[in-house]
Amino acid sequence: MAASPPADCDIKLLKRAFWTDGIPIPTGATIPSGVELKYLLYVNNPGAALSDVTVRDVLDPAFLYQAGTIQVDNSVAECVLAVCTTAEELAIFTAVDGAPFLSDAVDGDAASYTGASLSVDAGNGNVGNLQLDINADAVWAILFSVKIP
C-alpha cells in the first residue's frame, strides 16, 4: 500500500481459490491438469476510505493466466469480523464475478497482467494503472482465471 493505514485499522489482503462456478477450493486439494480455476484477492476495509493503494499478485509459473479475465469490484459491504466468513466470501465472489472484464494491458484500467513478471497488478504504484481507492466500510476485490497446464 502506498500509505500505511491507521494503527487501529485491521486491513488484510486475502487470496482464495475457487472453481469457476464459485465453490471454494479446499486447501490441499488436488487439481488435475487442464482445469481452470479462479483466484479471488480481496481487502476487507472496516474503516475509512483508503487512497492510492497498490496490490500485486505474482503467479507461480505452474499456473497459466487466462487472458482477459481480470475483474474488479468495490461494492460489497465490509465483513462483520476481521476474517470474512464463507458466506461473505461467496457474496464477494459473486459481486466481482459479475463485474465487467478489464483489459490485461496497462491502459488506464484499475488492473493489468504482465506476462514477463507473471504479475497481476492493481493501482498505479506498480505499473501505471489508474489510482486504486478502496471505499470505506467495504470490500475491494479482484478476480482472475488461471489454468493448470
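No lab work stands behind these numbers, since they all come straight from the coordinates. Owing to the predicted nature of the structure, the values given are computational and were not obtained by experimental measurement. Virtual Cβ from ideal backbone geometry, glycine too; neighbours counted across all protein chains shown.
Which of rounded, prolate, oblate describes the chain, given a ≥ b ≥ c as roots of the alpha-carbon gyration tensor eigenvalues and a/c under 1.5 marking rounded, otherwise prolate only if a/b is larger than b/c?
Oblate, because a/c is 1.5 or more while a/b does not exceed b/c.
How large is the dipole of the chain about the Cα centre if only Lys and Arg carry +1 and Asp and Glu carry -1, each at its Cβ, rounded to the nearest 20 debye?
Using only the charged Cβ atoms, the result is roughly 400 debye.
Any idea which of 43, 128, 144 is furthest toward the positive side of the dipole for the chain, if Lys and Arg beta-carbons carry +1 and Asp and Glu beta-carbons -1?
Most positive-ward Cα: 144.
Suppose each label sits 7 Å from its Cα in the direction of the beta carbon; what would the residue 103-residue 82 distance come out to in nanometres?
4.0 nm
For segment 67-112, just say rounded, prolate or oblate: build the C-alpha gyration tensor, square-root its eigenvalues into a ≥ b ≥ c, call rounded for a/c under 1.5, and beyond that prolate if a/b exceeds b/c, oblate if not.
prolate
Give the long-range amide H neighbours of residue 66: residues separated by 5 or more places, or on another chain, with amide H under 5 Å away, using H modelled in the peptide plane at 1.01 Å from N.
Answer set, sorted by chain and number: 145, 146, 147.
Counting other Cβ atoms within 10 Å of each Cβ, which trypsin sites (Lys or Arg not before Pro) in segment 1-105 have at most 12 and sit in a DSSP loop?
none
Please name whichever of 119, 29, 65 sits farthest to the positive end of the charge dipole of segment 12-149, dipole taken about the Cα centre and charges placed at Cβ: Lys and Arg +1, Asp and Glu -1.
Value: 29.
Taking the Cβ of residue 70 as the centre, find all other residues whose Cβ is under 9 Å away and add up their charges (Lys, Arg: +1; Asp, Glu: -1).
That sum, taken over residues with Cβ under 9 Å, equals -2.
Once you list every other residue whose beta carbon is under 10 Å from the beta carbon of residue 122, what net charge do they have if Lys and Arg are +1 and Asp and Glu are -1?
-2
Given a cut-off of under 8 Å on Cα pairs at least six residues apart, what relative contact order in percent is computed for the chain?
36 percent
Would any residue of segment 110-139 have its amide N under 20 Å from a label point 7 Å out along Cα→Cβ of residue 31? List them or say none.
Those under the cut-off are 112-122.
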